[in-house]
Amino acid sequence: MARNTSRLIRAVTPRSPYGIFLRHFGAALEVFGYAGTTHDRPHFGIKTVLVGNEEVAVREEAVFSTPFGTLLRFHKESGRQQPKVLVVAPLSGHFATLLRNTVETLLRDHDVYVTDWHNARDIPLAAGRFGFDEYVEHIIKFLEKLGPRSHVVGVCQPTVAVLAAVSVMAEDHNPATPRSMTLMAGPIDTRRNPTRVNLLAKSKDIHWFEEKMIGIVPWRYKGAGRHVYPGFMQLTAFVSMNLDKHIGAHIRQFRSLATEDYEAANTHRDFYDEYLAVMDLPAEFYLETVERIFMKHELATGELKYRGRRVKPELIKKTFVFTVEGERDDICGLGQTSAALDLCSGLRPLLKRHHVQTGVGHYGVFSGKRWQNEIYPLVREVIQFAV
């Protein structure tokens with residue numbers, strides 16, 4: 001309501017004798033309007049991409065779908081054959097559209113697919129459970145849909161599940177085992193340089209998380225009765241970690257609107273439209289992730305199991321593994337993602353690579369200028385080498 005009123009005020013301000021007052025009032029309304037969250041999934045909105053020197057049309061195509069997620073392809077009308085890349089988006093409270101910049105950048109040189117996870121509040125109880133095993137299973141199924149000679153990029157939270165999926169596929173000699181695996185800013189071993197997020201996960205037992213963090217979807221939604229971890233709780237945790245930065249950003253937004261600096265205002269608006277769009281997680285997935293990955297470190301200690309089978313990263317022999325970390329990452333500390341290289345002990349050094357990006361925090365690893373100009377060229381190079 002406040003956001004819509006702010007837009008109306010901006011429309012009439014140029015013609016009003018009370019322009020200065022209206023600009024300030026509209027700015028205040030907009031800032032107030034961004035104090036809440038929404039469950040509306042934003043759009044990727046990628047209509048074209050530059051391939052070489054040619055502007056190519058892009059359309060979204062649902063390749064495969066389950067009640068819990070859709071394999072979404074960004075089909076380019078160029079007819080060129082390019083390496084297939086599966087981008088595994090986090091299932092951590094935001095929609096896959098948080099990776100818009102990641103996808104758009106990869107699209108220049110690749111045939112890109114993304115895991116578009118569904119909001120748990122809209123998934124009927126009849127669809128069954130969705131825990132860590134089901135998460136890994138979905139990644140395997142999606143990679144099988146891409147077929148042989150594909151590549152996978154795991155961004156943040158799903159890096160553990162991606163490494164588990166590729167380990168299982170390698171052990172099974174699955175022909176769809178990816179040629180390269182890029183793991184970016186993920187919690188492979190949170191015992192290394194633990195952050196506030198990691199310490200919080202270990203400060204309570206799992207029963208506390210189940211009692212305090214889990215809710216039940218109300219009757220008016222399709223997922224009525226399903227136990228979920230509400231997305232707004234995850235957002236609250238992230239915002240509280242950098243509260244001063246968010247308050248400062250909204251103060252700057254007020255000034256931008258009041259002084260008619262609409263370019264800066266639009267940049268702010270685009271970020272928070274995405275950041276404040278939240279989705280609920282299946283409770284079993286959230287609790288199993290907290291307990292198995294952040295409390296017990298099962299992957300790092302060699303105790304992680306998938307469908308009763310021990311996950312064996314040491315059996316990965318042919319997949320190029322590339323890990324990326326951000327120097328200023330306050331969510332996944334330095335060394336947590338590169339731990340994957342130690343776990344993949346069966347790989348020759350030629351098929352391992354690590355990069356620490358200076359000057360970026362968590363989101364800068366997969367979004368923004370440093371991602372586009374410094375990290376992405378390395379990802380592209382790894383994929384080209386693995387091809």
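Values quoted throughout were computed directly from the atomic coordinates according to the rules given, and no laboratory measurement underlies them. Keep in mind it's a predicted model, so treat the numbers as computed, not measured. For neighbour counting, all protein chains shown are included, and Cβ atoms are generated from backbone atoms with ideal geometry for every residue, glycine included.
Cross-link pairs exceeding 28 Å in C-alpha to C-alpha distance, out of 141/202; 145/212; 296/317; 84/202, comprise 141/202; 145/212; 84/202.
Charging the Cβ of each Asp and Glu at -1 and of each Lys and Arg at +1, and nothing else, the dipole of region 103-169 about its Cα centre rounds to 60 debye. In this structure, residue 41 and residue 145 have a Cβ-Cβ separation that, at R0 = 25 Å, corresponds to a calculated FRET efficiency of about 0.70.
Computed from the C-beta positions of residue 385 and residue 334, the FRET efficiency with R₀ = 35 Å rounds to 0.90. If a spin label sat at a point 7 angstrom from the Cα of residue 126 along the line to its beta carbon, the backbone N atoms of region 205-232 nearer than 16 Å would be those of 221-226. Label zone of residue 66 (point 7 Å out along Cα→Cβ, amide N under 15 Å): in region 131-150 this covers 131-146. Charging the Cβ of each Asp and Glu at -1 and of each Lys and Arg at +1, and nothing else, the dipole of region 134-176 about its Cα centre rounds to 200 debye. Each part reduced to its alpha carbon centroid, region 50-88 and region 351-387 end up 20 Å apart.
Between residue 306 and 311, the built amide H atoms are under 5 Å apart, and every one of these is 5 or more places off in sequence or on another chain.
Averaging Cα coordinates gives a centre for region 127-176 and one for region 289-304; these two points are 17 Å apart.
For residue 342, put the label point 7 Å out on the Cα→Cβ axis and report which residues of region 348-387 keep their amide N under 18 Å from it. Backbone N within reach: 348-349, 352-356. Would you please give the FRET efficiency between residue 59 and residue 81, computed as 1/(1 + (r/R0)^6) with r the Cβ-Cβ distance and R0 = 25 Å, to the nearest 0.05? The computed FRET efficiency comes out at 0.90.
For region 42-113, the list of GluC sites (Glu not before Pro) that fall in a loop by DSSP and count at most 16 other C-beta atoms within 10 angstrom reads 77.
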